[in-house]
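For reference, the structure is listed below as structure tokens.
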Amino acid sequence: MPRVSFAPPSLCFTFLALLDRLLPSLPPTVRDVDVPPLFRERFILSGYRPVGLSWRCYVLSLFQIHNETLNVWSHLVAAVCVALRFIMFTILQGGGPEGQGFSVDVSSLPLVLYVFSAITYLSCSAAAHLLQSHSEHAHYSLFFLDYVGVAVYQYGCALALCLYSSDTAWTQSMVGQVFLPAAALLAWISCTTCCYAKLRFRRPYPLHRKLCQVLPMGVAYLLDISPIAHRLATQSWTSNSALTLHFMQVVLFLLSAFFFSCPIPERFSSGRYDIVGHSHQLFHILLSFCTLAQQEALFHDFLWRRPALVREFGQEHLLLACTSFPCLTLCCMMTALTMRRRAQAQFTKEQR
């Protein structure tokens, strides 16, 4: 049976001694039969953290080996990489001639919102996988927050791709004219249906629970990626270095969606991939690389489009588009809070 063991970095004996005094010894991980059905994953037989420990234990389990370790670290590391790369970009590209490079103005705001949305979804996901074993109420609340992060990222991507990565032909098309309102609506629908499916269905989950999650996000992705699909289909990839990066992020996203939808490889060898290699870990890792590739592509597109951005879209339109981002975030938060209250009422009813 896999056991939880703390393995801090060996910087010096003093540091190790301090950690030894501060960190409690955590209980060993347990098998699937030792946790309630809500916390079990199909074909994952071991590596579960016991339910009902203190919050401190779950925070410290960041440094333990269990079946969520790679899920947490993959998105934590990706969030740090996104933040550091953005800081590097602002330093290297800031202070250039007027209308070029990065500066604090309305034309740079969509890029800032995109980076914020990426860090938000990665952080919410890491928090959900790290802390969800505390209790049933925490499990639902944290994954509702995770779905909010996903919706925020969906719209952050849509906003940046619409303003930086689209060409004139797509912008003037029917899809381009309704793109941002439709993207905001689909992001909210994705958040709502994911929250509803989480609350409505119990394990063993039926197929239509997965469809309830995947279909709205799939439709949202097809819309969000439409400006990139148009450029990939109509422009020479050698003419713009961003297109290769965009193609890479599309491939990585499709691969991540496959592993999110299918429990492979654990389906074919239950218990073998409990700690390393199961489908949700592969989904997290591929999605992290997808986000990093997309961010790099957007940096290229930002430098390409920024000089003419205000002239093409207008400052008022840019401000309105950016204002829709916190509005969408607020709507998703309200939806998650409503679902959280319904979950709490459901727990109370079941305990009577």
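The values are calculated or read from the model by the stated rules, or taken from the named source; none is laboratory data. Model, not experiment: these values are computed from the prediction. Positions of Cβ are generated from backbone atoms using ideal geometry, with glycine treated the same way; all protein chains shown enter the neighbour counts. Only protein heavy atoms, including side chains, enter the accessible area calculation; ligands, DNA and RNA are left aside. Shrake-Rupley method; radii C 1.70, N 1.55, O 1.52, S 1.80 Å.
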(1) open to solvent by 40 Å² or more (accessible area, probe 1.4 Å); (2) touching a helix residue (DSSP H, G or I) at 6+ places or on another chain (Cβ under 7 Å); (3) aliphatic (A, V, I, L, M) all hold for A345 apart from (2)
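How many of the residues in the range 303-321 are under 27 Å from the mean Cα position of the chain (by Cα) and either modelled with pLDDT of 95 or more or among the small types (G, A, S) (or both)? Give the steps one after another, and end with the answer.
Taking the range 303-321 and keeping what is under 27 Å from the mean Cα position of the chain (by Cα), we get 303-306, 318-321.
Of the ones still in play, those that are also either modelled with pLDDT of 95 or more or among the small types (G, A, S) (or both) are 321.
Result for the range 303-321: 1.
Going by what's in this entry, would L211 be described as open to solvent by 30 Å² or more (accessible area, probe 1.4 Å), in a helix (DSSP H, G or I) and touching a Ser or Thr at 6+ places or on another chain (Cβ under 9 Å)? Before the answer, list the steps.
Values: open to solvent by 30 Å² or more (accessible area, probe 1.4 Å): yes; in a helix (DSSP H, G or I): yes; touching a Ser or Thr at 6+ places or on another chain (Cβ under 9 Å): no.
Judged against the criteria, L211 is not a match.
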(1) within 25 Å of H300 (Cβ to Cβ); (2) in contact with a His (Cβ under 9 Å, 6 or more places away or on another chain); (3) without any contact (Cβ under 8 Å) to a residue 60 or more places away in the chain all hold for D167 apart from (3)
Taking the range 92-117 and the residues there that are modelled with pLDDT of 90 or more and open to solvent by 40 Å² or more (accessible area, probe 1.4 Å), the one that is nearest to the chain's Cα centre (by Cα) would be F116
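Of the residues S141, S123, which single one is within 20 Å of F289 (Cβ to Cβ), among the polar types (S, T, N, Q) and open to solvent by 20 Å² or more (accessible area, probe 1.4 Å)?
Working: S141 fails: within 20 Å of F289 (Cβ to Cβ).
Just one listed residue meets the conditions, S123.
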Residues of the range 144-166 being within 16 Å of R305 (Cα to Cα) and either touching a Gly at 6+ places or on another chain (Cβ under 7 Å) or open to solvent by 20 Å² or more (accessible area, probe 1.4 Å) (or both), in sequence order, are S166
Among residues of the range 195-208 being open to solvent by 60 Å² or more (accessible area, probe 1.4 Å) and part of a helix (DSSP H, G or I), the residue farthest from A257 (Cα to Cα) is R200
Counting only residues that are exposed (fewer than 14 other Cβ atoms within 10 Å of the Cβ) and either at pLDDT 95 or above or not charged (D, E, K, R) (or both), the range 37-71 contains a total of 5
The number of residues in the range 147-200 that are over 18 Å from T335 (Cβ atoms) and among the polar types (S, T, N, Q) is 7
Here the qualifying pairs (Cβ atoms under 9 Å; residues six or more apart or on different chains; first in the range 22-34 and more than 20 Å from S270 (Cα to Cα) and at pLDDT 90 or above; second open to solvent by 50 Å² or more (accessible area, probe 1.4 Å) and among the small types (G, A, S)) come out as P28/S5
